[in-house]
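A short reminder: the numbers here are calculations on the coordinates, not readings from a lab. Note that this is a predicted model, so its numbers are computed, not measured. Ideal geometry is used to build each Cβ from the backbone, glycine not excepted, and the neighbour counts take in all protein chains shown.
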Amino acid sequence: MVSGPVVTRFAPSPTGFLHIGGARTALFSWAFARHHGGKFLLRIEDTDRARSTDAAIEAILDGMAWLGLDADDAPVFQHKNADRHIEIAQTLLASGHAYKCYCTPEEIEAMREAARAAGKPPRYDGTWRDRDPAEAPDGQAYVVRFRAPQEGHVEINDCVQGTVTIANDQLDDLIILRSDNTPTYMLSVVVDDHDMGVTHIIRGDDHLTNAARQIQIYNALGWQVPVFAHVPLIHGSDGAKLSKRHGALGVDAYRDMGLLPEAMRNYLARLGWSHGDDEIFTTEQFIAWFGLEAIGKSPARFDTTKLENVNGHHIRRHDDAALAALVCASTPELAPVQATLEIAMPVLKERAKNLHEIADMGRFLISARPIEISEKAAKALTPEARARLGALRPRLEALENWEHEPIEAEIRAFLTEHDLKLGDIAPALRAALTGTPVSPGIFDVVALLEKAEVLGRLEDQI
Ligand code: GLU
């Protein structure tokens, strides 16, 4: 067991965008550190130089920043630690926990073939494990292999999976240093986690077998094994492994969909973790409640509809001025009416599931005359309805106090006098003023527009 402050890390390989599974792993690691007042670190696992890209690194950093998952130190770039990884490989060689293997690629291929033919998983057969290094062919390239224990078993005391036992004879002698003297992933991860003081490793359960191999390396080095929590992967709503088809996009795509980071955190938190029946909560609550014991053992299902629903809840809780600013940032043409949007926000955000829906609801504020009337909205503009608008217009023109209440009183008085109901004029009024069949409350719409603009838009339809 670990004593002292908690240190967690997120260790993505920068070979693609920050996907939803990675974001959740990062969130859990971050929340765990915050809950315990510990440290959360970011390590970019860029040892695979050929597959790592700057664009992917940027996407990861951007995504983390948007999600508000702040690391406590500057990101560690794994490839920069290569010398240290090589040094540890040498230590393992010196202590007999590793050895040089001179097998040629052809010999390795033959081993694979033989295993395949015997219906066994391909594995290294230990050719150089116990061979006298003096027999090494002159000038022949070698790799360094870890001398994995062959007897007994490794136990992973996983906080999510429980105790997982893997027989040592299932784990062959893996390469820790390639023939070009570059360290491999399995060694680098162990060395970096140790050097960074990581106490808790929270990651996807696709790394469970790796944990067994890594524990062997920790033990060989006499290093303290961190606590592991292997979280079940995320599935699509149909139960199949998550793919693009299910909406498994980069985190940036969710920002572009007009989601709020706090909603994303809330939704991701519920993917595989629960706190009673709580579905909607703040990040502060999440941090206060989060623990590894409440992570589920079965894969969570990703559901875009639910995500948008959670987003709607957070939109309604969000500060109106801040929302108006966010809407204007994602829909710059609304920027000139940001102040009006802010006033209208309680109405605009009422049913919105994302920022774009707010923008759509608010777009009538900037439409230029004569405004475009959608086909659906146009249906309300019958000759009879236009005549009513014509009768209403001078009443509004005469109105001095252009505010919600007097506007509503005036329109209602007009309706009473003409023996009409609100439904007899609202659709046409909405169509004339917004060009759409859905909008905020009709009195809000009239009041939010300037008087001259309302009179003008009515004029256009009479
Ligand atoms: N770099 C690995 C990945 O992106 C994660 C390694 C780890 O978390 O230990 O899958």
Enumerate the calculated ³J(HN,Hα) couplings along region 196-206 in order (Karplus 6.51 cos²θ - 1.76 cosθ + 1.60, θ = phi - 60°), each rounded to whole Hz, writing x wherever the residue is Gly or Pro.
7, x, 5, 9, 10, 9, 10, 7, x, 6, 5
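Starting from the Kirkwood radius over alpha-carbon pairs of region 306-462, derive D by Stokes-Einstein at 20 °C in a medium of 1.002 mPa s and give it in µm² s⁻¹.
Details: Rh = 16.2 Å.
In µm²/s, the coefficient rounds to 133.
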Computed E for Asp132/Leu249 - FRET, C-beta separation, R0 56 angstrom, nearest 0.05:
0.55
Which cross-chain or sequence-distant (5 or more) residues have an amide H under 5 Å from the amide H of Val227, H modelled 1.01 Å from N in plane?
His200, Ile201
For every helix of n ≥ 4 consecutive DSSP H residues, a contribution of -39,500 (n - 2.57) applies; sum these over the chain, divide by its total residues, and give [θ] at 222 nm rounded to the nearest 500 deg cm²/dmol.
-13500 deg cm²/dmol
Rounded Å value of the spacing that divides the Cα centres of region 47-67 and region 100-135
36 Å
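Over 28 Å between C-alpha atoms is what I'm after, so list which of Lys306/Lys421; Lys349/Lys379; Lys39/Lys80; Lys376/Lys451 land there. Kindly include the intermediate steps, with their values, before the conclusion.
Details: Lys306/Lys421 38 Å; Lys349/Lys379 26 Å; Lys39/Lys80 21 Å; Lys376/Lys451 25 Å.
Result: Lys306/Lys421 exceed 28 Å.
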Would you mind getting me the FRET efficiency between Tyr218 and Asp320? Use the beta-carbon distance for r and R0 = 45 Å, nearest 0.05.
0.30
Region 90-115 residues near the modelled Arg123 label - backbone nitrogen below 14 Å, point 7 Å along Cα→Cβ
112, 115
So how tilted is helix 320-330 from the main axis of the chain? Cα-based, degrees 0 to 90, rounded to 10.
70 degrees
7 Å from Cα along Cα→Cβ at both Asp424 and Ala167: what's the point-to-point distance in nm?
8.7 nm
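How much length, in nm to one decimal, is gained on full extension between Ala94 and Asp278, taken as 0.36 nm per residue of separation minus their Cα-Cα distance? All intermediate terms of the calculation are to be shown ahead of the outcome.
On the way: separation 184, 0.36 × 184 = 66.24 nm, distance 5.41 nm.
Here the segment from Ala94 to Asp278 would lengthen by 60.8 nm.
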The set of residues whose placed amide H lies less than 5 Å from the amide H of Leu249, leaving out same-chain residues fewer than 5 positions away, is Ile20
Measure nothing but the geometry: give the 0 to 90° angle between the long axis through the Cα atoms of 105-117 and the longest principal axis through the Cα atoms of the chain, rounded to 10°.
80 degrees
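Provide the net charge surrounding Tyr267, with neighbours chosen by a C-beta distance below 13 Å and charges set as Lys +1, Arg +1, Asp -1, Glu -1. Could the numbers behind the result be given before it?
Numbers: positive: Arg24, Arg265, Arg270, Arg301, Lys306, Lys353; negative: Glu262, Asp278, Glu279, Asp303, Glu308.
So the surrounding residues net to +1.
So if each residue of separation counts as 0.36 nm, and I subtract the Cα-Cα distance between Thr305 and Asp62, what length gain in nm does that give? Display every interim value, and only then the final one.
Working: separation 243, 0.36 × 243 = 87.48 nm, distance 2.45 nm.
Contour length minus the Cα-Cα distance gives 85.0 nm.
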